[in-house]
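What follows is a single structure, written as C-alpha cells, with notes after it.
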Amino acid sequence: MPSETVRCAIVGSGLAALATYATLRRGGVRPEEIAVYGTHEDPTEVWRTRAAAIRQQRMRSESDGHVAAAAFPGLAVREAARALTLAPLVASVANRYHPRVEDFLQHAESVRAESGWEQSFRRERIERITPVDDGFAVDGATFRHVLVATGHPGLAQPPEYNGAVHAYEPHDYASKVAVVGAGMAAATEWLNALAAGSEVVSIRRREPLRRALNVPREFFSKRGLATFHATSDERRAATLRELSTPSYPPGAAWDEPIAAAVADGRFSVAERASADAQVICATGFRKGWREDPLLRDLVETNDLATHGRWIELAPDSTVPALTDTMRTLSLAGVAAQWSFPAADTIAGAKYAAHGFLRHVCPTR
Amino acid sequence: MSYTLKGRVESRLAAALPVLVLAFVLHRWWAIELVALMLAIGLALDLVYDRLLAYQPGWLALPLGLFELGLVYTAMRALDLMAPLRWALVLYGVAWLSGQVFAHALFPRFRLEYAEAGGELGRAGGVAAVAVVAAALAGVGAAYSVRPPTVHLHGTVQGPLVIRHAQTLVGGIVNGGIVIRADHVTLRDVTVHGGENGIDIEDSHHVMLENVHVVGSELDGIHVRRASVMIDGCTVSSPAGPWVQGIDISFSMDKEMSMVERCTIVGVREGIVTHMSMVDVEHNRVGETSLRGITMGEMSMGSIRDNDVLGAHGVGIICLDHSECSIEDNTIAGTKVDKTDPQRSGVAIQAHFFAKAQLEGNTVVASPGGIEALDNSTITHR
C-alpha cells in the first residue's frame, strides 16, 4: 500500500506510462513517490504482442521515438554508435530513419531497468479515480497528481466480420487473405500475406492516405499546436477526425511489392470479402472515452466537458475541472488527443508527461 | 523541427556561447566583432526563416549554413572587418558546429520539451540568450572604445616618421620614409618619398599596408624583418639606385604568415624577395627587374600565384635555397638573357639549390631559358 510520501500515480502500465515514469524520474521524483498501477509489469508487453502479430519490423516513428526522458541520444545515434556507421545519422537528418522494432524494445527495456519501475509498479486494475480534498483517491490511497494512461480501449471489429481474426492478434495466413482496413496495420498485413505466398484482397471503403507520420509534423510542436489549441471546439474535432483517417507512409518499400503482386494477379481491391478468404481485420481500435470504463466513470461522475468522443483537455493534457494548484489529473495516450493530436504516439506520451511533470515539480 | 520565432532566436543565441568564449580567448577585437556580425545576420535571417520554414528538416542546416557563411563573408568585406580569413572560417565553423550540437544534443537534454516547445529554452535559456547578446555588445563596445586611433595626414610631412603605438595612418605624403615598431599598425593611402627604406617594419605583428606608394627609396621599398605584414595594393617605383629591392620580407619564419597582393613594382633589382619567411605572393605585377622578378629564398615557404612578371633581367621567378614554393597560374613574359651568367639565360621559373617547387598552370612567353631546376633542386608539375 502506498505510503503518505507517495505523491504521483500513473494509472496504466504501457509505453505511455513508462515514458511518463522516466520523465518523472528525470525530473527528480523518487520511485517511492510514484505508484504505477497496471495489469502488465512489462510496459512493452501489450505493444510488443501487437507489433509481433502484424510482423512489424520497423517503427513508423523516427530517431526520437523512444521512451527515455531526454530525446538525445536518440535511436539513430545509438545505432550509429553500436554499428560504427554514420548511415543512421544521415538517414535521420533526411527524415528517413525508422528504428527497428527490436532496437526500440531493447531500449525501452533498458529504460525500464534503469528507472526503478519495479519499485513503483503495483499489479492492480484501477476502476475508479475519485477526486478528494487536495488530490485523488486511487486504490485506497490519496495522490496529489494522477496521470491516466490506459491506452486504447480495445480492438475495433466491424460487425459484418465479427469472429474474424484481428491484425493485432496472433495469426497465420491462408492461401487467400482479405485484409479489412486501409491504415498502417493493413498495409503491413498486405505485405506480410504477399510474402507468405497468399493472394491478397484489400477490403476498404476509401483509398488509403499516404503520410510519413500519423500526423503532420507541425502538430508535434508549439508552432502548430498553438493554432490547434486556439481553434473552436468544432474545428478542433473536425481536425482530429480528419487526422484519424487511416494512412501509411509513402515509399517504394510499400509500393513495389504491391505493384508486383498486382501484375501477378495476387493483389486486388474489393468492397466485401469473399467466402473463401481468410478475413483479417486491420481496423485499429475502438475510439472514444465511452469505450474505456475508467474514463467513462470519470466523465460521468464528475460531469467533465466532452466533445463527441473526446474529453476536453487543457493544452498541457490536464483535465481542467480536476486540476488546480494543489492537484493534477492528466490524460496520456489516445485519450489526450484534444490537447495533442498525435497523442497515441511516443511523442504524444512524452508531451503529456512533460505537462504532468510541470505540475508535479512546478519550480522546474 | 518546427521552430517558433522565439525558439529560433533563443537557440541561436544560447548556442553562440562557445564561439563567443573562443572570441574572447583569442583576445582580438576582430574576433568579437565577427561573432557579433554573425549573430546580427543570423537573427535577421531568423525573421525570414520563421516565415518561410514551418518545418525545418535536419539536412537543411548545411545549405542554410553555407548561405549564411556567404552573407557573413560579404558583410565582413563590406564593413572592412580585418579578420584573417582562416580564423574567420574557424570561428564560423565553430559557431555552426556548436549550433548543431546544441540543437540536436545539449538543448534536448537540458530541456526535455525542447522540440515540442519549438526550440524555446524556458527561463534559463532566455537568460543565457540575453547574456550572449550582452557579452557580444559589450565586446563590440569595448573594441570600439579602445580601437587604435586613426591619424589623417594632410599634405606633405617631413620624415622619417617613427610609429611606436598601434594606430591607423591615412593619406598624405611622407618624405624620408616611415619606420614601424609597433603591432596593429595600418597605413592606408599613404605615399612615401625617399628614405633609406621606404617603409621599414621590424618586430611587429599584424601590420597592414593598404594602397601605399613608395617612390625613390635608397635600399628597399618595403623592408620587413621579424614581422608579419599584409600588403594589399601597393606600388614601388623610381628607385634611388641600382641596388634597391621592391619588397623584402625576411627572418619572419616564427611570425604569422605574411601576404603581398595586388602590388605593382617596377625597375628595381628584385621585385619581391623573401628569406626565411612564410609568405603568399598573389596578383602582383612585377616589371623590368635587374636581378629577379620574384624570389622565395633561404628556407622560405609559400605560394606565388597569379602574378605577372614582365621583362625581368635573367630570371623571372626563383625558388631558392631549401625553400618550398607553390608556383601557380603566373604569367612570365619577356625574360631577358643575362649574358654574364649562364644560369640567368632568360629563365622564366627556376628552382635552385635544394629548393622544391610545385608548378601548375603557369604561362611562359618569350623567355628563352624556360623552366629549370639546378643544384639538387626539384620541380614537380601538378
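The values are calculated or read from the model by the stated rules, or taken from the named source; none is laboratory data. Small disclaimer: the values here were computed from a predicted structure and weren't measured. Please note: Cβ atoms are built from the backbone with ideal geometry, for glycine as well, and neighbour counts cover all protein chains shown.
Scan the stretch A:195-226 for residues that are farther than 14 Å from A:Ser244 by Cα and facing chain B (nearest Cβ under 9 Å) and the total you get is 9.
So how many residues does the stretch B:125-174 have that are of a type in the set (D, E, K, R) and exposed (fewer than 12 other Cβ atoms within 10 Å of the Cβ)? Qualifying residue count for the region: 1. Here B:Ser252, B:Ser290 are screened, and the one residue that is hydroxyl-bearing (Ser, Thr, Tyr) and free of Cβ contacts under 8 Å to residues at least 40 places away in the same chain is B:Ser252.
Residues in the stretch A:133-163 that are hydrophobic (A, V, I, L, M, F, W, C) and surrounded by fewer than 20 Cβ atoms within 10 Å (Cβ to Cβ): A:Ala137, A:Ala141, A:Leu155, A:Ala156. For A:His229, the conditions (1) away from every other protein chain (no Cβ under 14 Å); (2) surrounded by fewer than 18 Cβ atoms within 10 Å (Cβ to Cβ); (3) in contact with a Lys or Arg (Cβ under 9 Å, 6 or more places away or on another chain); (4) not hydrophobic (A, V, I, L, M, F, W, C) are fulfilled apart from (1). Among the residues of the stretch A:133-160, none is identified as acidic (Asp, Glu), without any contact (Cβ under 8 Å) to a residue 40 or more places away in the chain and under 25 Å from A:His354 (Cβ atoms).
Could you list all residues from the stretch A:260-282 that are surrounded by 13 or more Cβ atoms within 10 Å (Cβ to Cβ) and in contact with a strand residue (DSSP E or B) (Cβ under 6 Å, 6 or more places away or on another chain)? Residues satisfying the conditions are A:Ala261, A:Arg266, A:Phe267, A:Ala273, A:Ala277, A:Gln278, A:Val279, A:Ile280, A:Cys281, A:Ala282.
Candidates A:Ala17, A:Ala91, A:Ala35, A:Ala68: the one that is within 14 Å of chain B (Cβ to nearest Cβ), surrounded by 21 or more Cβ atoms within 10 Å (Cβ to Cβ) and either of a type in the set (Gly, Ala, Ser) or in contact with a strand residue (DSSP E or B) (Cβ under 9 Å, 6 or more places away or on another chain) (or both) is A:Ala68. Residues in the stretch A:21-35 that are polar (S, T, N, Q) and either out of contact with any His (no Cβ under 8 Å at 6 or more places or on another chain) or not in a helix (DSSP H, G or I) (or both): 0 in all.
Rundown of residues vs (1) modelled with pLDDT under 90; (2) assigned to a loop (DSSP other than H, G, I, E, B), yes/no style:
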| site | (1), (2) |
| --- | --- |
| B:Arg51 | no, no |
| B:Phe67 | no, no |
| B:Thr74 | no, no |
| B:Ala83 | yes, yes |
| B:Leu97 | no, no |
| B:Gly126 | yes, no |
| B:Val157 | no, no |
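For the stretch B:290-306, the count of residues that are in contact with a strand residue (DSSP E or B) (Cβ under 8 Å, 6 or more places away or on another chain), surrounded by fewer than 23 Cβ atoms within 10 Å (Cβ to Cβ) and among the basic types (Lys, Arg) is nonzero. Checked against the criteria, B:Leu45 counts as crowded, with 16+ Cβ neighbours inside 10 Å and either β-branched (Val, Ile, Thr) or at pLDDT 95 or above (or both). Within the stretch B:188-247, the set of residues being small (Gly, Ala, Ser), over 28 Å from B:Ala31 (Cβ atoms) and not in a loop (DSSP other than H, G, I, E, B) comprises B:Gly221, B:Ser237, B:Gly246. Among the residues examined, A:Arg100 does not qualify as surrounded by fewer than 18 Cβ atoms within 10 Å (Cβ to Cβ), within 21 Å of A:Thr150 (Cβ to Cβ) and away from every other protein chain (no Cβ under 14 Å).
Scanning the stretch B:338-366 for residues that are among the β-branched types (Val, Ile, Thr) and touching a residue at least 24 places away in the same chain (Cβ under 8 Å) yields B:Val347, B:Ile349, B:Thr363, B:Val364, B:Val365. Scanning the stretch A:337-359 for residues that are in contact with a helix residue (DSSP H, G or I) (Cβ under 8 Å, 6 or more places away or on another chain), within 13 Å of chain B (Cβ to nearest Cβ) and either in a loop (DSSP other than H, G, I, E, B) or hydrophobic (A, V, I, L, M, F, W, C) (or both) returns A:Ser339, A:Phe340, A:Pro341, A:Ala342, A:Ala343, A:Ile346, A:Ala347, A:Ala349, A:Ala352, A:Ala353, A:Phe356, A:Leu357.
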